[in-house]
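As structure tokens, the structure follows; a few thoughts come after it.
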Amino acid sequence: MPKEKESIEVEGTIKEALPNASFKVELANGHEVLAYISGKLRVNYIRVLPGDRVLVDLSPYDLTRGRITYRFR
Amino acid sequence: MGTNVDKANGITIKSGRELDLMREVGKVVAEAKSVVRNAIKPGVTSKEMDIVAEETIRSMGAIPSFKGYKPSPSRPFPATICFSFNEEIVHGIPGDRVVAEGDIVSVDFGAILNGFHGDSAFTVGIGTVSQKAQLLMDSTRISLNEGIGKAVPGGRLSDISHAVQGSAESRGFSVVREYVGHGIGRSLHEEPQVPNYTDMGPGYGTVLKAGMVLAIEPMLNIGTWRTKLLRDGWTVVTADGELSAHFEHTVAITNDGPEILT
């Protein structure tokens with residue numbers, strides 16, 4: 001029976017803004033990943049700044065890259 | 001003695017004794033599979049096939065593993081087998097629908113014996129089916145074999161995904177992405193997820209080791225890879241209503257290469 005695909009979601013804090021709308025994010029477990037802004041956030045002009053808490057969707061293959069899917073207020 | 005779990009990724013590594021137990025349950029699944037495959041013909045209902053599967057599994061002292069299976073928070077699966085007609089990809093619930101000439105039907109089920117799970121699936125054409133349908137089924141089986149060929153110690157998880165996807169797409173079919181294969185052992189669904197596609201090519205993901213056991217299960221569609229979930233909360237169909245096929249084996253990674261248990 002196939003399993004419904006789950007993405008790996010973790011919380012993190014933005015450390016540094018990089019070119020190309022990508023960011024260095026420090027995860028709750030202390031790891032640092034390279035993440036870009038999801039299309040949904042971009043379309044809605046949600047700004048993400050260093051220090052913001054965000055939700056990152058990690059790639060199942062490469063746990064050092066991810067996608068920022070939510071910015072906490 | 002508990003199962004050895006790789007702390008980095010949560011994947012269980014089976015000992016020689018545990019692999020023997022998985023071979024045993026694998027045999028039960030393989031046997032039940034051939035009984036059900038031989039019983040499917042025009043005029044039978046999917047519910048009847050469910051009964052055949054359940055009786056066969058129980059006659060060998062094993063227990064159907066899908067019945068009552070509940071990946072939270074959805075409802076428990078009500079039957080021994082998933083029986084999916086034509087455009088239904090997976091998780092079809094057996095009922096009164098009658099198998100007709102020209103249909104392609106997918107049967108997926110698992111069993112538990114001595115605390116270990118086996119899981120396997122196949123798609124079969126009823127009577128004469130369209131050329132396209134036949135090609136779809138053949139390609140799905142081939143893509144499964146290509147994937148299994150990459151289940152070797154020292155390989156990477158995405159090698160399997162890449163092989164399956166490449167094989168499927170080179171024949172003009174798409175692979176379902178929202179449902180994935182999985183590790184298997186004392187639980188039906190264990191780490192890791194085994195996707196049938198990859199956006200990163202081969203050489204990524206977990207390093208495969210001897211003692212890991214994976215359920216590799218490509219689902220191929222004639223049209224789009226996108227899926228829809230029916231209101232029964234289980235049945236997954238293709239978004240465009242085109243045909244879909246599904247083959248699956250439980251595969252142990254050993255130092256001698258991949259070993260198909262089912």
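The values are calculated or read from the model by the stated rules, or taken from the named source; none is laboratory data. Since this is a predicted model, take the numbers as computed values, not measurements. Note that each Cβ is placed from the backbone with ideal geometry, even for glycine, and that neighbours are counted across all protein chains shown. Ligands, DNA and RNA are excluded from the accessible area calculation, which covers all protein heavy atoms including side chains. Shrake-Rupley method; radii C 1.70, N 1.55, O 1.52, S 1.80 Å.
Overview of results
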| read-out | value |
| --- | --- |
| Residue count, the stretch B:8-35 (criterion: of a type outside the set (V, I, T) and outside any helix (DSSP H, G or I)) | 5 |
| Selection status of A:N20, away from chain B (no Cβ under 14 Å), open to solvent by 100 Å² or more (accessible area, probe 1.4 Å) and more than 9 Å from the chain's Cα centre (by Cα) | yes |
| Residue identified as closer than 25 Å to B:L220 by Cβ, modelled with pLDDT of 95 or more and within 13 Å of chain A (Cβ to nearest Cβ) among B:F109, B:F85 | B:F109 |
| Answer from B:G233, B:G211 - the residue that is at pLDDT below 95 and more than 17 Å from the chain's Cα centre (by Cα) | B:G233 |
| Residue identified as at pLDDT 95 or above and either charged (D, E, K, R) or closer than 30 Å to A:L63 by Cβ (or both) among B:I148, B:I142, B:I126 | B:I148 |
| Search result, residues across the stretch B:70-90 that are under 15 Å from the mean Cα position of the chain (by Cα) and open to solvent by 10 Å² or more (accessible area, probe 1.4 Å) | B:E88 |
| B:S174 vs. criteria touching a strand residue (DSSP E or B) at 6+ places or on another chain (Cβ under 8 Å), of a type in the set (S, T, Y) and touching a residue at least 12 places away in the same chain (Cβ under 8 Å) | yes |
| Boolean, B:A215 is within 22 Å of B:E87 (Cα to Cα), open to solvent by less than 50 Å² (accessible area, probe 1.4 Å) and either hydrophobic (A, V, I, L, M, F, W, C) or not in a strand (DSSP E or B) (or both) | no |
| Exclusive hit being free of Cβ contacts under 8 Å to residues at least 40 places away in the same chain and of a type outside the set (S, T, N, Q), set B:E101, B:E55 | B:E55 |
| Residue identified as within 14 Å of chain B (Cβ to nearest Cβ), surrounded by 14 or more Cβ atoms within 10 Å (Cβ to Cβ) and in a loop (DSSP other than H, G, I, E, B) among A:D62, A:D57 | A:D62 |
| Criterion violated by B:I93 - all others in (1) of a type in the set (A, V, I, L, M, F, W, C); (2) open to solvent by 10 Å² or more (accessible area, probe 1.4 Å); (3) under 16 Å from B:A39 (Cβ atoms) satisfied | (3) |
| Per-region count, the stretch B:36-86, residues in a helix (DSSP H, G or I) and within 22 Å of B:L188 (Cα to Cα) | 12 |
| Selection from the stretch A:1-10 of residues that are part of a strand (DSSP E or B) and open to solvent by 80 Å² or more (accessible area, probe 1.4 Å) | A:E4, A:E9 |
